[in-house]
C-alpha cells in the first residue's frame, strides 16, 4: 500500500534533479557518492490522499499544513479582510488555556475544524466557527522531562493527513490521532530516553510519510530526522545530521564524508545539529529540506579541537523525501561557535533573478544573513545581513562562505567577545511570510548582542546545558540605569525584505524582541502579534499601521487565516513563553500588560466577542526580617545558579511571568523546604526536577542565599 501511494503521487511537472558537486571545503552543495546524479519523478494518477495538501491553493479556505502549503510561504489567498475592511475586524471567539507556559503552535484548519496544540504537547480539536471544543488529547508528558528542554514546554503544532492528526511530544513520542474522535491510532518513541532529547517542533507530512526531528543539542545529543509510515507508524528511514563514533561504523557514505570535517572525539559530547523546527517539501523535486541546529558544545575548541566545518551543523540539507538519502547541503555557519542555528523558517519560491526564473529556498537563520539558495542544487545565490552583525563582514560570493572575523573567535583570543546577533539570533523560530504578489518576505527580526567567552573549567553535566562558554560574563549589575540602557539596545522589528534585491523595503520598529510569527494575505495585509500584547495589521506595501487589538497577553506564535461559511477568520495562539522570556530576566519583561494565562484568539469582520476585564496582581517579596543572609555564600551560589537555574528562572533570578519568579517565592526562607525542591524534586510533577544527582547540599544552600540576596534587592526597589 505504501509503495502504491508513493508511485501514484500526483505532481505538477516531470522534474529532473541535477546534483552539482562542490568542494567539501566550501559551504555549498556536495553529492553523496551513493546518490544518483539525476533522478526523475513521473506524474501518474492521483492517489486519494496526496492531492489534498498538494492542491492547497485550490482550497484557500483551509490551512492544511504548518505553513499552509508545502512551500511554507504562510500566505493566505483570502481577501475578504483587506486594507479597506480591516478596520471592522474584531474578536469572534476566544478560548482560555490553563497555565502560563508559552504557546507557539500554528493551528491547522480543515473543513471547519481547527486542530492545534498547547504547552506540554496537548492536542485540541475545536469548531473553527465558535471555538467549541470537539475533543482534546493529553499525551500525559512527564513534567520532569522539562529539565531536558532548553526553551520552555512549548509545542508548535500538529500535522494533518486526511483522517488523522500527528503530534510530536516533549518526551520524544510521535502520535497519530483520529481526526474526528481524537482516539490514538499509533504511537512510536522516536528517541532514546536515556539521552536528553525533546520534541517541540511540528511534524511535516508528504510521500505518505511523516517527518520529525528533535532538540537537545545543548545537552549533548546527536541530531537526526526520521520518517515514519503515516498509516502504521513504522520507521521508514533516518538521517543523522552529524557523524557518530567512527569506531562504530558510519551509517552511510554521507556520514563518512561529514566525519572528515570533525576532529578529536566529538561524539562523546553528542555533536548537536538537531533539526528541531523548520522543514519544507518540494513535490516536483521530491526533496525534503531540513534546517539543522547548533554544535554541541558551542565552543569549537572543546567540541572539535577548533578544527573543521563540523557538518552538518547550522545547515540546510536537502534529502530525497522517499528514501532519506542525502542530495545536497548548504552550511550557513561553518564550524558554528555562537549557537547560530539554521533551524529557522524556510520558504520555497520561484524568483526572477538576473532575468532567470530560479527555484529557490529562502532562510533568515540566527546568524543575521538572509539567504537565497538554489533549491535544486544547493548553489548559493545571494546573502546579505538583515540586522547588524559583528561576527563576519559579509559572504564570499564565489564560495558562499561567511568571512568570519578573528575578533569573533573567542576560543582563540581568550577574551570576552561581544557579538551581534546573540545566541537568540537576528531571527529565531518565529515564522516569516512570503507574499508572491508583492515579492516581499515579512520577517520578525531582532537586535540583541551577547558576550562570548571560553569556559576554561568546562566539565560536561547531565542536567545542565553544556555550552563551553562562561555565561557569568553576561551578568548584569543591579544598577537600574545600566539595565535600562541594555534593554533599550535590545530591540525587535518587523522587516519587509526584498529577497531579489537583498534589501529592506520598510520596517516597523518595536521596543523589544521576541515578537510573533507573521501572516501575509491577498488582502494586502501583514499580521503579527507582539511581545507587548497586541495583534497588529499592516499594509503590505509600505508597513503603515491599519489595525490593532489589545490581547492582554504577549503573542509569539504566528497567525493563520481560514474561511468557514463564506466568512474569513484570523486566529492566533496567545501566550508568553519560549527561551527569551525564561532566560533573559530583566531584559525580557514586556512593555505592556501580560496575563499569566494563555488563549486562542479568533477574529472576523463584525465579531461580537469581548475579552473580560482583568487586573494584574502585584507580587510581594516575602518577609525577610528574621532571615540571615550570607553574602559570601551567595556569591558562590550565583555561579551554580547561573549553570543550573538561570535557563528557566531567568538571569538575576528575575522571572517574566512564565516560570516561578524566585524573588517572590517563600521557599528560600527555609533550608529544608528549599532542599526538598532543589535536591529532592518535590515539584517534579510541575516540571521542577530534583538536582540531587549533580548538586550537593552545600550547592543548594549557596543557591538559596543567592536567591535571598535577590529578594532583598527586590524588596529595596518596592
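Below are the figures for this structure:
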| read-out | value |
| --- | --- |
| Computed Kirkwood radius, in angstrom, where 1/r is averaged over Cα pairs of the chain | 25.7 |
| Estimated FRET transfer efficiency (residue 96, residue 178; beta-carbon r; R0 30 Å; 0.05) | 0.70 |
| For region 454-484 and region 263-311, distance of Cα centres in Å | 24 |
| Which of 362, 453, 610, 686 has the fewest Cβ neighbours within 10 Å, and the rest in rising order | 610, 686, 453, 362 |
| For the chain: relative contact order, % (alpha-carbon pairs under 8 angstrom, 6 or more apart) | 14 |
| Fewest-first sequence of 506, 429, 674 by Cβ atoms within 10 Å of each Cβ | 506, 674, 429 |
| FRET efficiency, 1/(1 + (r/R0)^6) with R0 45 Å, evaluated for residue 134 and residue 616 via beta carbons | 0.85 |
| Residue order, fewest to most beta carbons within 10 Å, for 514, 237 | 237, 514 |
| Relative contact order of region 309-357, pairs being alpha-carbon contacts under 8 Å that are 6 or more residues apart, as % | 35 |
| Relative contact order for region 309-467, counting Cα pairs under 8 Å that sit 6 or more residues apart, in percent | 17 |
| Residue 57 paired with residue 359, simple spin-label distance in nm, labels 7 Å along Cα-to-beta-carbon | 1.4 |
| Length released on extending from residue 192 to residue 248, taking residue separation times 0.36 nm less the Cα-Cα span | 18.4 nm |
| Ellipsoid semi-axes in whole angstrom, largest first, where each is sqrt(5λ) of the Cα gyration tensor of region 622-676 | 18, 15, 11 |
| Model label zone, residue 263; criterion: amide N under 11 Å from point 7 Å along Cα-to-beta-carbon; scope region 307-347 | 307-309 |
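Taken together, the values in this text are just the output of simple stated rules run on the coordinates, not laboratory data. Small disclaimer: the values here were computed from a predicted structure and weren't measured. Neighbour counts are summed over all protein chains in view; Cβ atoms, including those assigned to glycine, are modelled from backbone coordinates with ideal geometry.
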